[in-house]
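What follows is a short report on a single structure.
Nothing in this text is a laboratory measurement; each read-out follows from the coordinates by a stated rule. Keep in mind it's a predicted model, so treat the numbers as computed, not measured. No Cβ is skipped: glycine too gets one built from the backbone with ideal geometry, and neighbour counts run over all protein chains shown.
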Amino acid sequence: MRLRMAVILVGLCSGLPDAANAQWAIPDGVKTAAVQGYPLAYQEAGSGEPIVLVHGSLGDYRIWYAQAPVFSKQYRILSLSLRHYYPERWDGVGDDFSIAQHAADVAALIKRLGLGPVHLLGHSRGGAVVLTVAKEHPELIKTLILEDASGMEGLLPETPETKAMAGEVKGLVSTLRANLAAGDKEKAGQEFTDGLNGPGTWAKRSALQKEILLDNLGTGVDSGERGNITCSDIAKFSFPVLTLTGERSPKRYPEGFAVARKCNPTIPAAIVIPNAAHAMNRDNPEAFNAAVLAFLAQHKGNPSAGR
């Protein structure tokens, strides 16, 4: 992929009058917008009702390669990279890497571009981000789509099983940091991926999938904090919500969705994507895309959604 070097003057990036300066290379076809002093990068395609796609840990806007071309046939798609993810190559220095900051950035981007209310989709850690946006800015949400979303761990009762699940997450992050400290990026990527999706997953990943993860290893300083979404917060959601989990996803995700349904009975049971694990939008994109598009079709043009 060709890169254009981008120490970009305000107002000249991708034709946006509100673009921010970027001190790193911006790939061709990628736009940036000034969001709370940061040049937030995103790709845009299609037209119609907007869908904003928010990636999870060690991802970026590129993880939606199997969704954007399909969704953009009917919708305006914005797939973004959260603060400090690729195309920035972050060194982990700074205090502005958190769920709260990323949620504030997403909300600010939606407002800056005049998109809302939007269909907002978040995967994994990105699920905690979009849940926080929905909690704090419900007026920006037309529908909320949660793909193995983090952020609801606090809803689960404290049992030996939930403690074990929390330990799994901390273990993944701890191992990632140790491998990074040792300078073994390949091992870091392999063990993180296999820990989430099952042994042998890394070996099956495409070159692009590995590249995306390795480009974002600097964000491995993530503290593991996932926001503070409560049952009361979820009970207040008045917009349609779709939850999806993979057939082989870690149990903490479908269990979190089940508790969320008790908080808000309007949320339907999670759709299980077959032949897929945590990265279901890449493991089985046909089934994932079909489920999301069917849900969106039910709420397309509905003026009451997001109110």
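Taking the charge dipole of the chain about its Cα centre, with +1 at Lys and Arg Cβ atoms and -1 at Asp and Glu Cβ atoms, the residue from 264, 217, 171 reaching farthest to the positive side is 264.
Tell me, what is the FRET efficiency for residue 203 and residue 111 to the nearest 0.05, using R0 = 41 angstrom and their Cβ-Cβ distance as r? Walk me through the intermediate numbers first.
Details: r = 43 Å, r/R0 = 1.04.
Here the calculated transfer efficiency is 0.45.
The equivalent ellipsoid that matches the C-alpha gyration tensor of the range 40-299 spans semi-axes of 25, 21, 19 angstrom, in descending order.
Student exercise: in the range 185-257, how many lysine pairs 8 or more apart or on different chains have Cα atoms under 22 Å apart? Please list the in-between numbers first.
Working: 185/204; 185/210; 187/204; 187/210.
Counting lysine pairs in the range 185-257 gives 4.
Grouping the Cα pair distances of the range 251-302 into 10 Å bins from zero gives a pair-distance distribution of 22, 42, 34, 1 percent in increasing distance order.
For the range 121-212, the percent of C-alpha pairs falling in each 5 Å distance bin, counted from 0 to the bin holding the largest distance, reads 3, 12, 15, 18, 19, 15, 12, 6, 1, 0.
In percent, rounded to a whole number, the relative contact order of the chain is 17, using alpha-carbon pairs under 8 Å and six or more apart.
Exposed loop sites were defined as GluC sites (Glu not before Pro) in DSSP loop states (anything but H, G, I, E or B) carrying at most 16 other C-beta atoms within 10 Å; in the chain the longest segment without such a site runs 1-157.
How big is the gap, in Å, between the Cα center of the range 22-100 and the Cα center of the range 108-153? Going from one Cα centre to the other spans 14 Å.
Charge dipole of the range 40-299 (Cα centre as origin; +1 on each Lys and Arg Cβ, -1 on each Asp and Glu Cβ, all else neutral): 380 debye, rounded to the nearest 20.
Evaluated at 10 °C with a viscosity of 1.306 mPa s, what Stokes-Einstein diffusion coefficient in µm²/s does the range 35-101 have when Rh comes from the Kirkwood expression over alpha-carbon pairs?
Stokes-Einstein gives a translational diffusion coefficient of 124 µm²/s.
Think of the chain as a dipole: +1 on every Lys or Arg Cβ, -1 on every Asp or Glu Cβ, centred on the Cα centre; then among 102, 145, 82, 145 lies furthest on the positive end.
Give the aspartates and glutamates reachable from residue 262 as a straight Cα distance under 15 Å; neighbours fewer than 8 places away on the same chain don't count. Within reach: 153, 233. Given a cut-off of under 8 Å on Cα pairs at least six residues apart, what relative contact order in percent is computed for the range 207-289? Reported relative contact order: 27 percent.
Pairwise Cα distances in the range 174-215 exceed 13 Å in 48 percent of cases. Calculated on C-alpha atoms, the gyration radius of the range 171-307 divided by its Kirkwood radius gives an Rg/Rh of 1.03.
Per residue, what volume in Å³ does the convex hull of the Cα atoms of the range 37-163 enclose? Each step should come with its number before you reach the end.
Values: hull volume 15.6 nm³, N = 127.
Convex hull volume per residue, Cα atoms: 123 Å³.
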